[in-house]
Every structure is written in structure tokens, then in C-alpha cells.
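To start, the structure under review is shown below, and the notes come after it.
The values are calculated or read from the model by the stated rules, or taken from the named source; none is laboratory data. This is a predicted model, so every value here is computed, not measured. Positions of Cβ are backbone-derived with ideal geometry, glycine not excepted, and every protein chain shown enters the neighbour counts.
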């Protein structure tokens, strides 16, 4: 699975996905970096068959109303420190990747992983 990490999440998250054996890239690597529009992020992710990883509800709204992006991991944990985010996410990365192979929208919350599509 390939993940595109949104600007509202730490760049270190890319390393967490890579360490788990997945491909990942942070939005900061795009030409406009953190100023890249959501439309460009979605188009780039869909072209590269990547799942967008975000905290941004705008992506959720776009998915629910327009069906884009094609694959979405919504992190709805609220404001958690990077270390806590890592402790929550890392053990679940493979399960999330597997869920995104079979479903288009997965949410990670304090309750765990939910299939939203």
C-alpha cells in the first residue's frame, strides 16, 4: 500500500509507514509543499493509487459527496502528541493497509479502526 501523508500530520509518519514495509510520501515533498491544494493532493494521490492520510474533515466531505479521493485514512484522534500518535498508529499500520485494499475509507479513532465506506 502507498500512503500520501497530509500536511496536518508529522513528516515522521512517512518513516513509520516505510518501517512497516509500505510506501509513503509527505505532502511537503510536492512542489507547493504544505501550500498544495486539497484538489492537487487528491489528484496526485489518485494518479499514484495512494491512500491519503489526514486529519482534515474536508477530505472526508469530498469523499462522501464526490467519491474522491479514491482511498482515505482519516485520523480522528484530535490533538495528540506525535509520540502518542506513533504508539497508536504503528501497531495498526498493516491492518489499516489491508483494510484499505478492501475498502475505500478507513477511520482511526480512539475507539480503534472503523471501516467507513
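What tally of residues in the range 97-112 results from selecting those that are part of a loop (DSSP other than H, G, I, E, B) and within 13 Å of residue 3 (Cβ to Cβ)? Steps first, answer last, please.
Taking the range 97-112 and keeping what is part of a loop (DSSP other than H, G, I, E, B), we get 103-104, 110-111.
Checking the rest, the ones that are also within 13 Å of residue 3 (Cβ to Cβ) come to none.
The total comes to 0.
So which pairs qualify, if the first residue must be in the range 62-80 and at negative phi and touching a residue at least 12 places away in the same chain (Cβ under 8 Å), the second must be surrounded by 15 or more Cβ atoms within 10 Å (Cβ to Cβ) and in a loop (DSSP other than H, G, I, E, B), the Cβ gap must be under 6 Å, and the two must be at least 6 apart or on different chains?
Going by the 6 Å Cβ cut-off, the qualifying pairs are 62/68; 71/104; 75/55.
Any chance you could count how many residues in the range 19-29 are surrounded by 14 or more Cβ atoms within 10 Å (Cβ to Cβ) and either out of contact with any helix residue (DSSP H, G or I) (no Cβ under 9 Å at 6 or more places or on another chain) or not in a helix (DSSP H, G or I) (or both)?
5
Only one of these conditions is not met by residue 69: (1) under 16 Å from residue 17 (Cα atoms); (2) surrounded by 15 or more Cβ atoms within 10 Å (Cβ to Cβ). Which number is it?
With (1) under 16 Å from residue 17 (Cα atoms); (2) surrounded by 15 or more Cβ atoms within 10 Å (Cβ to Cβ) applied to residue 69, the lone miss is (1).
Could you check how many residues of the range 89-102 are within 14 Å of residue 114 (Cβ to Cβ) and buried (at least 16 other Cβ atoms within 10 Å of the Cβ)?
Matching residues across the range 89-102 total 3.
Of all residues in the range 38-65, which are at pLDDT below 95 and either part of a strand (DSSP E or B) or over 25 Å from residue 78 (Cβ atoms) (or both)?
Residues satisfying the conditions are 39, 40, 43, 44, 46, 47, 48, 49.
If we scan the range 56-71, do we find a residue that is under 10 Å from the mean Cα position of the chain (by Cα) and under 15 Å from residue 101 (Cα atoms)?
Checking the range 56-71: at least one residue is under 10 Å from the mean Cα position of the chain (by Cα) and under 15 Å from residue 101 (Cα atoms).
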